[in-house]
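Okay, so here's the structure we're looking at.
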Amino acid sequence: MSDDGKCGRILLVDNEPNSREVLAAILSEENHQVLQARDGEEAIKIIEKNALDVLITDVRMQGLDGQQLFSYVKGRHPDVPVIFLSSFGTVDSAVHAITEGVFYYFLKPPDYLKLRKTVAKAVEVHRLHQMVKESQDRGTQTPELKLIGRSLEIRKVMRIIETIADSECNVLITGETGTGKELVARLLYANSKRSNSDFIAFNCAAIPKDLLEAELFGYEKGAFTGAIAARVGKLEKASGGVLFLDEIGDFDVSLQAKLLRVLEEKEIERLGSNRKRRTDFRLICATNTDLRAKVAKGDFRTDLFYRINVVNINLPPLRKRLDDLEQLARMFLQDFCRREKKQMRFTDAAMKRLLGYSWPGNVRQLRNVVERGVVMAGGDTLDVEHLPPELNDAVLQPGASTEILPLWRLEMEAIQRALHACGGNISQTARSLGISRKALYKRIKEAPVLNVS
């Protein structure tokens, strides 16, 4: 189960079966439903029969390639995030892909922890787009956003939102993954005088470092190789509205001074231009990391920290607001029963199990657990048997080492199978996995545990 609870339906497209197998195993470990296609033509057939949350595709494939598949999806299903994988990627190709709207661009073999987090964020973005669309279909202008709960902690958050929503002050929202930081940002926006202008959300961790500056500041045609047309950056596009910088703790140190200058001067310069452009936005940031610790280590500028942290809203983890859990669970149950055209209730045993779990993925994980239960249950009750197995045991937040080892194990098992199938030939094994010989050697050398004999 993903520690942040962002589970979705993923389509994985790659000519190389071993490469698909590795990624499918890793994503399935996160409780994502993983569909697979060996080429673009097969992918289109799957797309037209299944509602997807995310598409992950290799760029170079026989027949319909990844770029053509991306164009097809953007034309038919524009809200579905697309992630590119490539063994032959360059900065230029990545710039072009991100400019065209690709969610993220990974070189093979990808950083699997980064891939896992990127997919989780992509699922979240798609679900949010769905919520907005459903609201618009009902004839309302904005989604019905609200914080649910009666606990003292959540009531404090509600009071802060009411107090500062119409202010121009910068806000820093802190809290663990899945506690609802973007929801709070959108509530601040929806209740402010800027609500008739744009809400521009930008995930600082979801864009490769080489593209971060171009995406934020924009650029002129010819500013760098691959800049075939001028592009308005997020800092400029947000003018008049609200800019939400998610995962600000991952903001590249080399660009922090430049961002601070924009906040102080209210001016930006596109890459490749000396012209200053005025921009006026309210800044809301969010992070699940300890920014003060990053400041102490020199990984985050002190002056930028105080500039963005005028008002801090800290969201409590779900395990510290169990008074709200039953209300949240019943609300999710009602929502998903309405969607699935069912009528259900929790058994006492199932609710006891929910209340006894530590919820490392917080509210978002609870939502996905209830959704799973509604889909799995056939009768009029959601019982313990319809809950995922991990709810049987107490769950602690996993450390990085416990996260990495299962991912390495899955990859190494796939490498061992590929080596066996290729008779130990390294070149053939690398080709079957869709990676280079150098990358394969590096994976074997760095593996925590591997027996290739």
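Bridge orientation summary for the chain: considering DSSP beta bridges with both residues in this region, about 10 percent are antiparallel.
Modelled spin-label separation between Glu153 and Arg319, with each label point placed 7 Å from Cα along the Cα-to-Cβ direction: 1.0 nm. Full extension of the chain segment joining Ala51 with Glu168 gains 38.2 nm, where the gain is 0.36 nm per residue of separation less the Cα-Cα distance.
Just report the Cα centroid separation between region 283-325 and region 26-52, whole Å. With region 283-325 and region 26-52 each reduced to a Cα centre, they are spaced 36 Å. I need the shape label for region 9-121. Rule: rounded when a/c is under 1.5, else prolate if a/b > b/c, else oblate, with a, b, c from the alpha carbon gyration tensor. Rounded, because the longest to shortest axis ratio a/c is under 1.5. Label-to-label distance, Gln334 versus Leu271, with points set 7 angstrom from Cα along the beta-carbon direction: 4.8 nm. Taken along the Cα-to-beta-carbon direction at a fixed 7 Å, the label points for Ser358 and Leu128 span 2.8 nm. Relative protection proxy for 112-120, 331-339, from highest mean packing down: 112-120, 331-339 (other beta-carbon atoms within 10 angstrom). Cross-link pairs exceeding 26 Å in C-alpha to C-alpha distance, out of Lys146/Lys341; Lys117/Lys341; Lys121/Lys438, comprise Lys117/Lys341; Lys121/Lys438.
Taking the number of other C-beta atoms within 10 Å as the exposure measure, put His129, His420, His32 in order starting with the fewest.
Neighbour counts put them in this order, fewest first: His420, His129, His32.
At 222 nm, what helix-only mean residue ellipticity would the chain give, in deg cm²/dmol to the nearest 500, using -39500 (n - 2.57) for each DSSP H run of four or more? List each step's numbers first, then the result.
Numbers: 18 runs with 213 residues, N = 453.
Helix contribution divided over all residues of the chain: -14500 deg cm²/dmol.
Loop only per DSSP, at most 15 neighbouring Cβ atoms within 10 Å: give me the trypsin sites (Lys or Arg not before Pro) in region 243-289, ordered by residue number.
Working: sites: Lys258, Arg261, Lys266, Arg270, Arg275, Lys276, Arg277, Arg278, Arg282; in loops: Lys266, Arg270, Arg275, Lys276.
The qualifying sites are Lys266, Arg275, Lys276.
When the GluC sites (Glu not before Pro) in region 39-111 are filtered for DSSP coil states and for at most 14 other beta-carbon atoms within 10 Å of their beta-carbon, the remaining sites are Glu48.
In whole percents, the pair-distance distribution calculated for region 319-392 from its alpha-carbon pairs, binned every 10 Å from zero, is 21, 60, 18, 0. Shape class for the chain, computed from the alpha carbon gyration tensor (a ≥ b ≥ c): oblate, with a/c not under 1.5 and a/b at or below b/c. Return the subset of Lys193/Lys266; Lys181/Lys234; Lys258/Lys297; Lys181/Lys221; Lys193/Lys237 for which the Cα-Cα distance in this structure is over 24 Å, preserving the input order. From the list (Lys193/Lys266; Lys181/Lys234; Lys258/Lys297; Lys181/Lys221; Lys193/Lys237), the Cα-Cα distance tops 24 Å for Lys181/Lys221. About its Cα centre, region 202-263 has a charge dipole of approximately 240 debye under the convention of +1 per Lys or Arg Cβ and -1 per Asp or Glu Cβ, with nothing else charged.
Need one number: convex hull volume per residue for region 260-324, Cα atoms only, in Å³. Could the numbers behind the result be given before it?
On the way: hull volume 8.7 nm³, N = 65.
Per-residue hull volume (Cα only) is 133 Å³.
The antiparallel fraction among DSSP beta bridges confined to region 145-316 stands at about 20%.
So what is the orientation-averaged projected area of region 145-316, using the convex hull of its C-alpha atoms, in nm²?
Working: hull surface 40.7 nm².
Quarter of the Cα hull surface area: 10.2 nm².
Rounded, prolate or oblate: pick one for region 226-280, where a ≥ b ≥ c are the square roots of the eigenvalues of its C-alpha gyration tensor, a/c under 1.5 means rounded, and failing that, prolate if a/b is larger than b/c, else oblate. Don't skip to the answer; put the middle values down first.
Details: a/c = 1.43, a/b = 1.24, b/c = 1.15.
Cα axes put region 226-280 in the rounded bin.
When peptides 298-311, 205-218 are sorted by average Cβ neighbour count within 10 Å, with the highest value leading, the order is 205-218, 298-311.
No lab work stands behind these numbers, since they all come straight from the coordinates. Being a predicted model, the structure only gives us computed values, none of them experimental. FYI the Cβ positions are ideal-geometry reconstructions off the backbone, even for glycines, and counts take in every protein chain you see.
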